[in-house]
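Worksheet: one structure, shown below.
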Amino acid sequence: MKSVFKPVLLAGLMAAALTTLAQPGPGPGTGPGAGNPSASASPEVRDRMQARMQRHMDRRTADLKAKLKLSAEQDGAWNAYVAAMKPPAVSAHPSRADMNKLTTPERLDKMREWRKQREAEMDKHDDATRAFYATLTAEQKKVFDANTGRPWSERSSRRPRKD
């Protein structure tokens, strides 16, 4: 007689897994790491995060400059590139309570305004990168390409960073 224990056990485990997955999770804005940490963090925490990000950016910038082996003529373009790539000052977003006081069209307008600001900043970065890239030699362009972006296949298989 054929044993039915294994298929029944597998079916039970699958049912338990599906039941667990079907449970509603915590509401939005709850739990560790929910939402934008800098939006709800205290000014001290925000300042530490900004300082940490700035140190990281400074290290990467210095590393890239060393790898590019820039000539004296390229220093002006490099300085303009680095200045344009600096992140903007953190803008104070209204609290969730303030946003909830707005009507839906007003919230949509506020979000559209933020998107336009982010898009303008990205355009500034694009323009600065293109202008600097145009000053590089063919060998420097290869180094720049290798150090400023990852191929999509590597990016998708990369494990999440643990901080």
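The values are calculated or read from the model by the stated rules, or taken from the named source; none is laboratory data. These figures come from a predicted structure and were not determined experimentally. Cβ: placed from backbone, ideal geometry, glycine included. Neighbour counts: every protein chain shown.
Among the residues of the range 122-146, those identified as assigned to a helix (DSSP H, G or I) and surrounded by 13 or more Cβ atoms within 10 Å (Cβ to Cβ) are LYS124, HIS125, ALA128, THR129, ALA131, PHE132, TYR133, GLN140, LYS141, VAL143, PHE144. Within the range 70-90, residues that are without any contact (Cβ under 8 Å) to a residue 60 or more places away in the chain and more than 20 Å from ARG59 (Cβ to Cβ) reach partners that are surrounded by 13 or more Cβ atoms within 10 Å (Cβ to Cβ) and of a type in the set (A, V, I, L, M) with beta carbons closer than 8 Å, at six or more positions or on different chains, in the pairs ALA77/ALA131; ALA80/ALA128; ALA80/ALA131. Restricted to the range 96-109, and to residues there that are at pLDDT below 90 and of a type in the set (D, E, K, R), the residue that is surrounded by the fewest Cβ atoms within 10 Å (Cβ to Cβ) is ASP98. Cβ separations smaller than 7 Å between residues 6+ apart or across chains give the following pairs from the range 138-150 residues that are in contact (Cβ under 8 Å) with a residue 12 or more places away in the chain to residues that are surrounded by 11 or more Cβ atoms within 10 Å (Cβ to Cβ) and aliphatic (A, V, I, L, M): GLN140/LEU68; VAL143/LEU68; PHE144/LEU68; PHE144/LEU136; ASN147/LEU64. Only residues that are surrounded by 13 or more Cβ atoms within 10 Å (Cβ to Cβ) and charged (D, E, K, R) were counted in the range 66-95, giving 1.
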